[in-house]
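Structure first, then comments.
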Amino acid sequence: MPDKLFCRLLLISGLIAFLNACTGIGPATTLFRSTSPHEQYGQSLKDAKLAKTALGTDWLAASERALRDSLRITVPYRESGYFTAEKAFAVGYRLSAQRGDKLMINVETLGNREAQVFIDVFSLDERGRTSLLASSKADTNVLAWEPRRTQTYLIRVQPELLRSGQFTISVTREPALSFPVKGRDSRQISSVFGVARDGGRRRHEGVDIFAPRGTPAVASVNGIISSVGTNRLGGNVVFLSDNERNIRLYYAHLDRWNVTNGQRVAIGDTVGFVGNTGNARTTGPHLHFGIYEFGGGATDPLPFIRLGRGPARQGLLAENRLGTSARVSANRSVVRIAPGSNAAVIRELPRAAALQIIGGTNAWPRVELPDGLTGYVATATLESATRPLRQQTLTTTRNLLDEANPTAATKATLPVGATVDVLGGFGLFELIRKADGTTGWLAKQTAP
């Protein structure tokens, strides 16, 4: 890119950031449809006439490609990666999440200049269609989000234009609700949702949490006490309404109450005390905790209150490997859709196949092949492409290309007799290095 054009784009990019800061790139006003910071930034590119430039077009295309070519992860997960000012970047992560989960998505960046990173969460149906559900705020690289349905979701991460840096993304899961018995956690649950009761005539519509009599049963959410009373099965009971999630929390078998109808409570406030009233008179003291949908039936409370899975512990890729060229060192390797040996294979690679490491973990680097395919490869099957496989002397004049594609731009013309280092290959092309250190692609030399 010519220096003048780059400077112009940089100036306009800074102007976009300034305008967004002045107008508030966060929540839209009530006069307009609420849009995400990513959507507003994309519109800013169009308003500034950047969307028709190569960089702008590539940025918009990368954001759409990340939705189609997303990779699968299992929570908790973390990996590192990098992005450059010269090439538009976006990455999509597909994961399964359950109602009752609370996902914490954090992207830490490291670079010479502060970079705004857009984090968006989409639902993903069986046809691969996406629908935007949640976005991080414009001034933060953190997003806390609760899925409302048990299904597959997609996280897209994309930095703004003209920024370079490294990043680490971590995705962890916590329970959406606070645990309802003070000093206890989900390890004290002894009877789960759906088990038979009364000889199979009914099903258990909650979980039982055992604790000494008099242990405080506490509010799991900020909400309003909608009912305090007594019934045959539950004994002394309390209903706590959570209007944010459209659910009611049910506390049963209480020894006594500590709230009144209509009272507003905060997380951790005592609503009553553990006992064994109602049909629990012959059992030890415990809290029966249930969740009911507004206008619907019972739902399993376990996903809402179970222990989180802790922090992501995957070993991060060494910084000096990010962005480097590598090649397959084994007789055969495979590109997988997820970082694990049981993940689906999306491409087989022969020995010496060249690729670029763009992120991932120490055990499973995320790579990009010369044709643009991305996925995960076992690090044990890779080696650095710095050491040449062999030297080759050209018998014809050859064009050194910037991509493994016959229509790619020519970087240099190599004369007959030139000696180059062969670093790897891909299809009908070889990755080579000139004596001055310049690398590029040559169509494979045919035998005379």
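What to note about this one:
- Verdict on Glu205 being of a type in the set (D, E, K, R) and without any contact (Cβ under 8 Å) to a residue 40 or more places away in the chain: no
- Any hit, the stretch 331-346, residues being outside any loop (DSSP other than H, G, I, E, B) and polar (S, T, N, Q): yes
- Considering residues of the stretch 137-157 that are modelled with pLDDT of 95 or more and in a loop (DSSP other than H, G, I, E, B) only, the residue surrounded by the fewest Cβ atoms within 10 Å (Cβ to Cβ): Glu146
- Residue check, Lys46 part of a loop (DSSP other than H, G, I, E, B) and surrounded by fewer than 16 Cβ atoms within 10 Å (Cβ to Cβ): no
- Options Val271, Val228, Val265: the member that is out of contact with any Leu (no Cβ under 8 Å at 6 or more places or on another chain) and at pLDDT 95 or above: Val228
Quick grid of which residues meet (1) within 28 Å of Thr172 (Cα to Cα); (2) small (Gly, Ala, Ser); (3) touching a residue at least 12 places away in the same chain (Cβ under 8 Å):
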site	(1), (2), (3)
Gly42	no, yes, yes
Leu50	no, no, yes
Ala61	no, yes, yes
Arg65	yes, no, yes
Tyr77	yes, no, yes
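- Ala85 falls short of the stated requirement of being in contact with a Gly (Cβ under 7 Å, 6 or more places away or on another chain) and buried (at least 19 other Cβ atoms within 10 Å of the Cβ).
- Test: residue in the stretch 390-398 that is surrounded by 16 or more Cβ atoms within 10 Å (Cβ to Cβ) and either part of a strand (DSSP E or B) or out of contact with any strand residue (DSSP E or B) (no Cβ under 7 Å at 6 or more places or on another chain) (or both): yes
- Residue check for Leu322: under 19 Å from Arg433 (Cα atoms) and either in contact with a Gly (Cβ under 6 Å, 6 or more places away or on another chain) or surrounded by 14 or more Cβ atoms within 10 Å (Cβ to Cβ) (or both): no
- Meets criteria (at positive phi and of a type in the set (A, V, I, L, M, F, W, C)) for Ala352: yes
- Within the stretch 231-288, strands (runs of 3 or more DSSP E) holding 1 or more residues that are without any contact (Cβ under 8 Å) to a residue 12 or more places away in the chain and either over 19 Å from Ile305 (Cα atoms) or not hydroxyl-bearing (Ser, Thr, Tyr) (or both): none
- Qualifying residue in the stretch 250-266 (condition: in contact with a helix residue (DSSP H, G or I) (Cβ under 6 Å, 6 or more places away or on another chain) and of a type in the set (A, V, I, L, M)): no
So that you can scan it fast, the table gives a plain yes or no per residue for (1) free of Cβ contacts under 8 Å to residues at least 60 places away in the same chain; (2) touching a helix residue (DSSP H, G or I) at 6+ places or on another chain (Cβ under 7 Å); (3) not assigned by TED's automatic domain parsing to the domain that holds Leu71:
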residue: Arg327; (1), (2), (3): no, no, yes
residue: Ser333; (1), (2), (3): yes, yes, yes
residue: Ala338; (1), (2), (3): no, no, yes
residue: Asn342; (1), (2), (3): yes, no, yes
residue: Ile357; (1), (2), (3): yes, yes, yes
residue: Pro365; (1), (2), (3): yes, yes, yes
residue: Ala385; (1), (2), (3): no, no, yes
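The values are calculated or read from the model by the stated rules, or taken from the named source; none is laboratory data. All values derive from a computational prediction rather than experimental measurement. Don't worry about glycine lacking a Cβ; one is built from the backbone with ideal geometry, like all the others, and counts go over all protein chains shown.
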